[in-house]
Every structure is written in structure tokens, then in C-alpha cells.
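Have a look at the structure below before the remarks.
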């Protein structure tokens, strides 16, 4: 708690003007994803009248008052010309569930809670607010299977480079059925599947730039198509049993950061067994990159949407 100037009595009973400032963790909106944590709220009440002291008759923060907050100065409070007062308040949050409980206090179905600091003086009032967004903590890092001796047997896979150059192998994958790529649209024919593998992530076939969302979807669809073929041709499946379903759902969403994380996970899976030899009974056909690229058809369309 700091008083920036000597507090005194103003020379004019009708001359008052304040401005308030408030932050949480040094910003107006703070995202929390690690627990336990402490939210640090900073307050500043500034006399902005150019010539006279200002008298605050009310200074309150109703939501945080339920959690131990109180204004540290007696009111009415007189602040001289050019002066201000500051105070701090720390609110511990022990878990994600506790953070969500705070967010639920406003009755809204979200994971954020707002708090408002209000100052009142004889001729007016001012409010300043902060928002805290409660995010689920990230999952713990996977354990090193080489240390615990639990590494699974390697699965044979092939990456996008293999399928984009081996039309026979890709057609065998499509013979099982179309590959549903969510909002990108199903890859039904060999030409469409090659369009996903050969298409430019930066622009559509008409040279129109892809939006950030369309680019994220396109790159994720490519890895999903490859993983789909790895499963149907070689029986390979990601260790995470929910990865493919999560990816399929994300392809119709707008969470670009989520898509990037899923793309990275699928790409790692598709690369994981590409050095293993193909089984003797499987004929991938010859590599025909020039012909494959020449018949590739990028059928995707601009979504007119943006990242969440």
C-alpha cells in the first residue's frame, strides 16, 4: 500500500475528479493455466482535477470483497492535486476447479470472471475492471518409455511424401472408401486425395491466399489423410486412442492452435515407422511424382471463417 502524495483537505467542496486504474497480474485480462497460482490485483486511484483536491466517498470492489478484499484507506478520502493512492490485493487460486468456481459466481456459463473497482465522489463516479480467464492445465509430459521399458513395438507407417508420389498405394487406401476431412470436404477420388497432398498450404488453386484457419485445416487434413491410409493399409494406429477422433472433430472447428497441436501429433505418428520395410505382399507401385502432381486436384474452398 503506497500513498503517493500527502493527503489533505481540498480547498473547494465542489471540485472533485478521479480516475481509477486496475490490473490483474499487470494486465486487464489475465489467462491462468497453471495451478496453484496467485492473482495479484493492483489498484490506483488518481486525483485528475487540475486545481483542487478530490474526495472519494465510496471505493469498493464487490466481487473481491467476498474473498477478503477491502479498501485500505478510510473514506471519505481526500487526495490532493497531482496525488494518488495505490493498493494491492492477492487472491490465491489452488486449482482449476477453484478457478472455475470463481468464474461461476457471475452466473454466466463461461470460464471467466470479471471484477469491478468503483470509486464515487460528490460529482460523479468511475469504474475500472479486470477479467481472469480460467484455462485447463496442460497435460503432464509423457513419460520416457525407454526409462520405464514400456516402449511399444514399432508400427509400419508411411509419411505424406510417400503417398503423394505413389498413386497405386494411395488408390488402395481410397478403395476402402472416401476419407472424411470435416469442413475441408471428403477426399473421394485419387485426384482429390492428391490435391490434399500436393496442394499449397498458402493459397487455393485460384491463387487466392488461404486464411490462417483454412491453412490450419488444410495441413491437419493432410496428416489425417495419411494417418487414415496408414491404418487401412498397414493396421497402424496412434498410441493415443482419441487422436483420430479428436482430429476429425477439430477439422470442422475454428481452434487453430488446437489444430496445430493435433497436426504435430499426427505427423509424428506418420513419421514414426516410415523406415520399416514394406511387407512382401504389399505393392505400392512405382513412384510417379510428375504424373501425380499433374492430376492432383485441390478441391478445397475458402471458408470465410477465422481462427477462434
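The values are calculated or read from the model by the stated rules, or taken from the named source; none is laboratory data. Here the structure is a predicted model, which is why all the values come from computation and not from measurement. Cβ sites come from the backbone with ideal geometry, for glycine too, and all protein chains shown count toward neighbours.
On inspection, residue 56 qualifies as at pLDDT 95 or above and within 15 Å of residue 73 (Cβ to Cβ).
Among the residues of the range 171-186, those that are under 24 Å from residue 214 (Cα atoms) and without any contact (Cβ under 8 Å) to a residue 60 or more places away in the chain comprise 174, 178, 179, 186. Which members of the range 14-26 meet the condition of being touching a residue at least 40 places away in the same chain (Cβ under 8 Å) and either part of a helix (DSSP H, G or I) or exposed (fewer than 14 other Cβ atoms within 10 Å of the Cβ) (or both)? Of everything in the range 14-26, just one residue is touching a residue at least 40 places away in the same chain (Cβ under 8 Å) and either part of a helix (DSSP H, G or I) or exposed (fewer than 14 other Cβ atoms within 10 Å of the Cβ) (or both), namely 14.
For the range 279-292, a residue qualifies if it is surrounded by 14 or more Cβ atoms within 10 Å (Cβ to Cβ) and under 39 Å from the mean Cα position of the chain (by Cα), and exactly one does: 292.
Taken over the range 143-169, the residue count meeting the criterion of being at pLDDT 95 or above, over 19 Å from residue 244 (Cα atoms) and not in a helix (DSSP H, G or I) is 1.
Checked against (1) more than 17 Å from residue 303 (Cβ to Cβ); (2) crowded, with 17+ Cβ neighbours inside 10 Å, residue 251 passes all but a single condition, namely (1). Of the helices (runs of 4 or more DSSP H) entirely within the range 170-264, those holding at least 2 residues that are assigned by TED's automatic domain parsing to the domain that holds residue 276 and either over 23 Å from residue 288 (Cβ atoms) or at pLDDT below 95 (or both) occupy 212-234, 243-250.
Going through the range 28-65 one residue at a time, which ones are closer than 23 Å to residue 135 by Cβ and without any contact (Cβ under 8 Å) to a residue 60 or more places away in the chain?
Result: 36, 37, 38, 40, 42, 63, 64.
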